[in-house]
Amino acid sequence: MGTGEKELMTVREVAELLRVGRTTLWRWRSEGVGPVPFELRPRVLRYRRAEVEAYLREREGAR
C-alpha cells in the first residue's frame, strides 16, 4: 500500500473510527455535517485522513 493510499479512508474505516454507522455518515453527507468525502470514482467515496482527524479535533474542542 502506497503512502497516498494510507492517507485515504473508506466509509467503513471512518465509521469505525468515529463510532457511528455508515448510514450516519451518508446522512451527515446529505446534511453537510461531519468530515467531507470525495468521489474517487463513480460510487466510490473516500475521506482524507487529515480531514477526519481535523474533524475529531474540532469536535473535542467543542465539548
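Placing unit charges on each Cβ (+1 for Lys and Arg, -1 for Asp and Glu) gives the chain a dipole about its Cα centre, and among G32, Y55, P42 the Cα reaching farthest toward its positive end belongs to P42. Taking the helices alone, the chain has a mean residue ellipticity at 222 nm of -16000 deg cm²/dmol, built from -39,500 (n - 2.57) per DSSP H run of at least 4 residues and averaged over all its residues.
Ignoring solvent entirely, what values of log10 I(q)/I(0) come out of the Debye formula for the chain at 0.17 Å⁻¹ when each Cα is a single scatterer? So the normalised log intensities are -0.57. For V33 and A54, a Förster radius of 22 Å and the Cβ-Cβ distance give a FRET efficiency of 0.95, rounded to the nearest 0.05.
Every read-out reported here was derived from the displayed coordinates using simple, explicitly stated rules and does not represent laboratory data. Owing to the predicted nature of the structure, the values given are computational and were not obtained by experimental measurement. Glycine gets a Cβ as well: all are built from the backbone with ideal geometry, and neighbour counts include every protein chain shown.
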